[in-house]
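Peer 1: Shown below is the structure under consideration.
The values are calculated or read from the model by the stated rules, or taken from the named source; none is laboratory data. No experiment lies behind these values; they were computed from the predicted model shown. Using ideal geometry, Cβ is built from the backbone for each residue, glycine included, and neighbour counts are taken over all protein chains shown.
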Amino acid sequence: MKRITVLFAFIALLALPAVAVAASAQPPAPAAVSAAQMSGSSVSIANFSFQPSWISVPAGTTVSWFNNDGVAHTVTSDVGAFDSGAIAPGAGFSVTFSTPGTYTYHCAFHPMMTGTVVVTGM
Ligand SMILES: [Cu+2]
């Protein structure tokens with residue numbers, strides 16, 4: 001009986017590193033958003049901020065926001081040009097900017113969260 005107990009302990013020790021590797025091998029959920037961010041047309045909402053808070057895109061670009069935070073936020077134009085309404089954690093919102101200009105926006109729930117989209121001519 002004691003030998004079986006030792007065997008089980010040995011197996012458990014062997015299994016531990018395998019479990020740890022499997023857990024760390026899981027890809028981060030918003031991998032697609034990260035790739036899009038490199039093109040400059042995607043904004044992550046995280047830690048009560050827009051990241052990046054300032055982006056510049058050519059006219060005709062669709063800018064997407066993705067809520068990576070644990071609470072709902074909004075993407076609300078300062079002048080009423082667009083308003084996402086509440087974006088739940090894990091959800092997104094996008095706007096296609098066809099007219100060059102500077103578009104400032106904020107979160108209606110947390111007014112200290114602000115961002116800017118600069119749309120340049122084509
Ligand atoms: Cu917010």
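Peer 1: Which condition number in (1) modelled with pLDDT of 95 or more; (2) more than 16 Å from the ligand (Cβ to nearest atom) is the one that Lys2 fails?
Peer 2: (1)
Peer 1: I need a count of the residues in the range 45-68 that are in a strand (DSSP E or B), touching a residue at least 24 places away in the same chain (Cβ under 8 Å) and within 13 Å of the ligand (Cβ to nearest atom). Give the steps one after another, and end with the answer.
Peer 2: Quick first cut of the range 45-68, residues in a strand (DSSP E or B) only: 45-46, 49-51, 54-58, 61-67.
Narrowing the set further to residues that are touching a residue at least 24 places away in the same chain (Cβ under 8 Å) leaves 45, 49-50, 54-58, 61-67.
So of that shortlist, the ones also within 13 Å of the ligand (Cβ to nearest atom) come out as 45, 49-50, 65, 67.
Counting residues in the range 45-68 that are in a strand (DSSP E or B), touching a residue at least 24 places away in the same chain (Cβ under 8 Å) and within 13 Å of the ligand (Cβ to nearest atom) gives 5.
Matching residues to (1) at pLDDT below 95; (2) within 12 Å of the ligand (Cβ to nearest atom); (3) outside any strand (DSSP E or B):
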| residue | (1), (2), (3) |
| --- | --- |
| Val71 | no, yes, yes |
| Gly90 | no, no, yes |
| Ser94 | no, no, no |
| Thr99 | no, no, yes |
| Thr102 | no, no, no |
| Tyr105 | no, yes, no |
| Ala108 | no, yes, yes |
| Pro111 | no, yes, yes |
| Val117 | no, no, no |
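Peer 1: Return the residues of the range 65-118 that are in contact with a Pro (Cβ under 6 Å, 6 or more places away or on another chain) and surrounded by fewer than 17 Cβ atoms within 10 Å (Cβ to Cβ); say none if nothing qualifies.
Peer 2: Gly70, the sole residue that qualifies.
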